[in-house]
Structures are given as structure tokens and as C-alpha cells.
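This report refers to the structure that appears directly beneath it.
Values in this text are rule-based calculations from the coordinates and carry no lab data. Keep in mind it's a predicted model, so treat the numbers as computed, not measured. So basically every Cβ, Gly included, is an ideal-geometry build from the backbone, and we count neighbours across all protein chains shown.
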Amino acid sequence: MSEIYMPRLSDTMEEGVISSWAKNVGDKVASGDVLVEIETDKAVMEYEAYEDGYLVKQFVSAGDTVPIGAVIGFIGETPDAEAPEPGGAPAAPAEEEAAAPAEEKAAEPAAAPAAEAPSADGEGPARPRTSPLARRLAKEYGLDIDAIEGTGPKGRIVRADVEAARDRAGSGAPAAAAPAAPAAAAAPAAQAGSEDPRASEELKVSQMRKTIARRMVESKQQAPHFYLRRTIDAEALKAFRAQINEQLADTGTKVSFNDLIVKAAATTLSAHPEVNRSWEDGRLLQHHRVNVGVAVAIDEGLVVPVLHDTDKATLSDISTRTRELAGKARDGKLKPQDMSGGTFSVSNLGMFGIDSFSAVINTPESAILAVGAMKPTPVVRDGEVVVRNTIALELSVDHRAVDGAVGAAFLKDLAEVLESPMRIIL
């Protein structure tokens with residue numbers, strides 16, 4: 001009937017780990033049944049069957065790491081159907097099919113088919129296929145795509161191969177060298193015959209941690225950050241929150257300071273659409289929806305679920321939805337649509353007592369707001385020193401998409417909204 005391929009379950013996923021099989025070989029499968037749980041770079045996700053039949057073969061086991069597009073199983077018409085040997089990646093590169101919202105897909109040109117040059121005699125390809133993403137990155141890094149050895153299915157050149165070649169080129173090693181060995185072999189905790197004075201232990205790196213590391217490096221390398229800082233008087237915000245929660249007491253909903261800041265940011269973005277943009281592959285995209293991502297810390301790292309159309313949502317909706325997404329994040333149950341389509345992010349470390357910090361932009365968004373703790377601070381009011389509750393805000397901005405004056409005007413208006421919080425709901 002059909003092969004089961006490792007799907008692309010998030011826009012940044014390049015490989016997945018088989019967490020567990022929900023169906024055993026010989027089990028009957030109906031369309032919509034969960035076949036397998038896959039650990040991606042963001043969460044553990046369920047992958048469902050798209051047709052009826054029987055699970056005839058599992059080509060990979062729990063714990064195996066598999067690149068996107070590789071065959072992981074086979075569904076047949078009968079339990080004893082013969083499963084063919086894995087045929088590699090499907091014709092259309094799954095690597096390029098990000099689970100992005102309609103707005104993003106409409107803004108981006110359709111990806112060209114993977115390149116596959118014919119051999120001189122016209123019989124089959126002369127070199128492994130490459131994805132549009134791999135070719136673009138190779139061009140950006142000044143690398144010869146034909147000199148890079150692919151590690152994807154059937155020797156396909158994928159993003160990781162290009163980045164590895166870039167790193168080798170930067171260290172003076174030839175770009176066409178064989179792929180780097182696994183971290184455990186390439187960088188052992190201690191060399192053979194020597195004792196590690198740090199008593200180190202090599203830890204297993206999850207898909208999420210690998211992606212966090214890669215994306216943070218890319219963000220700092222590619223997006224020219226600049227930072228804008230402002231401290232707000234939070235007395236009115238504190239009183240406003242108490243009033244709102246008193247009115248919502250019978251509903252069981254409780255609005256947090258972060259909910260107020262997220263809503264205020266969305267309201268201000270509506271008035272400053274020039275901040276609600278992205279710089280992607282040399283193109284400046286203007287987003288017509290305000291989708292605010294809220295950073296959530298979990299054991300594996302940081303995830304940023306997205307509140308879509310935040311500017312149109314009520315405070316109670318934002319409170320309820322944020323808690324639902326945070327719970328799904330901690331349980332590893334976030335879906336691709338829960339993390340796709342963000343146009344701006346808010347990261348709040350105030351609950352840890354952090355006064356202020358500089359956040360790394362969640363590219364391709366052009367800005368992220370870092371929120372510190374509310375704390376009593378001596379300030380001058382009417383010529384006298386008084387103690388007021390204040391919150392430090394810091395806006396990290398991608399200078400490719402947003403200029404300094406534009407970012408400053410946004411932060412100024414955001415501060416004014418938070419200091420006159422009735423404007424959040426008017």
C-alpha cells in the first residue's frame with residue numbers, strides 16, 4: 001500500500017527521534033489512528049495514519065534518530081503483505097514543507113523541486129539531490145554545493161551538511177571532507193589514556209536542545225541586534241490587575257502581569273505595524289496579523305507557543321490560552337500550529353527575580369520584549385523621592401527590518417499603555 005516517511009512536524013525540524021510506536025507489526029490501522037510518537041526539536045508529537053490497512057513493517061526502533069523523508073514503516077492491505085526495502089526520501093523534499101500558517105505560505109514563493117542533475121550518459125543522477133534550502137545556504141556561505149557530501153536519504157545534501165561544510169571551511173579543513181563524526185566520538189569528555197580533571201559526563205542532547213543551540217547561533221550571527229531599554233511605573237498596572245481579577249473571580253480566570261503585557265504589546269503592534277515585520281532571505285515581509293509568542297521554560301529548554309490574533313483577544317482569552325499552551329508545552333503535547341506564525345515575542349523572567357535582561361530575537365521575527373521583575377524603586381515625583389513599583393522592559397530589535405527610531409517609538413507607546421492600562425482594553 002504505502003511507505004511511512006519521517007514527517008516534518010515543525011518548521012525547524014530536520015530529523016526526529018522515534019519516541020515509541022503506538023502500533024505493533026501486524027496491528028490493524030485505521031485512518032486517524034496514532035502510529036508513532038516522534039520527538040522533534042520542539043516537543044513529542046503524535047503522527048497519525050492517513051489510510052486504512054495493517055502495519056506490516058517497522059524499519060526503525062524506539063530511540064532511533066531519523067532524517068526527514070526517511071522511510072520508518074510500511075502499511076499494507078493485509079498483515080502478511082510483503083514490505084519492500086526502504087526507498088529513501090519521497091520525491092518532494094519534506095525538509096522544505098514547513099508547517100507554517102497560510103499567511104506565511106502566501107508570502108513565500110513556491111520552493112523549486114530538489115535539484116537532480118543527469119549524468120553525462122543520461123542514465124540517472126550524477127550527484128545527490130539537494131534541497132532549495134541547502135542550495136541557498138551554500139550560496140550564502142560561498143560554498144560549492146557539488147563539493148559537499150550529503151548525509152540525507154540516498155546521499156541527499158541537507159542543511160546540516162552545508163553548515164558542517166561551512167564550519168570546516170572556517171577552520172581550514174576542506175569543505176568536501178566526510179561528515180563530522182557524532183559528538184561523542186569527535187569531542188569525548190576525556191582523551192584516551194588521560195584523566196579529565198573536570199570529572200565531566202557527556203549528556204544526551206535532545207532534538208530540542210540541538211535546535212535551540214543552532215537557532216540561537218543563527219539569530220546572533222545573522223540578525224544585527226540592537227537594544228532599547230525603558231523602566232515603567234507599574235503602580236497603575238498593579239491596581240488595574242487587581243480590579244480585573246476581582247471582576248473575574250466568579251469565572252475562575254486569573255489575569256497575570258504577563259497577560260497584561262502581552263495584550264499591551266499586541267495593542268501597540270497594531271498601532272505600529274512597521275514593527276510587525278520579518279526579514280527573510282532578503283525580503284521584508286509585512287504581517288497583517290498580530291501573533292504574539294510567549295516564551296515558556298520547560299525541562300528540555302525554551303519553547304515559544306503562539307497566541308494568534310492576540311490584538312483581537314480579550315484578557316481572559318489570553319490568560320486561558322496561555323495557560324493551556326504552557327501546560328501542553330510541559331507535557332510535550334504542543335502541535336506545529338501551536339508554535340507557528342509568530343510575529344513578535346515576549347519573554348518574562350520576572351518570576352525569577354531578574355531585574356532586566358537582553359533577549360535573543362526569535363527569528364524571523366524582528367523584535368522580542370524582555371520583561372524583568374516588578375520591584376519597589378525610589379523615584380522622583382513632584383520634586384520628592386518616593387518609592388514606586390517599577391518594571392524594566394528591554395526590546396531587542398533586528399536592525400535589518402526595524403530602525404532605531406521606529407523601535408523607540410514603539411517602546412515609548414508600549415510604556416504609556418502599561419502606565420495607563422485602561423488603554424489595554426479600550
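At-a-glance table
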| read-out | value |
| --- | --- |
| Virtual spin-label span in nm between D196 and D403, 7 Å along Cα→Cβ | 5.1 |
| Contour minus Cα-Cα distance for H225 and R330 (0.36 nm per residue) | 34.8 nm |
| Cα centroid separation - region 344-364 against region 213-245, whole Å | 5 |
| Entries in K23/K328; K28/K335; K210/K333 that, when Cα-Cα distance is taken, lie over 21 Å | K23/K328; K28/K335 |
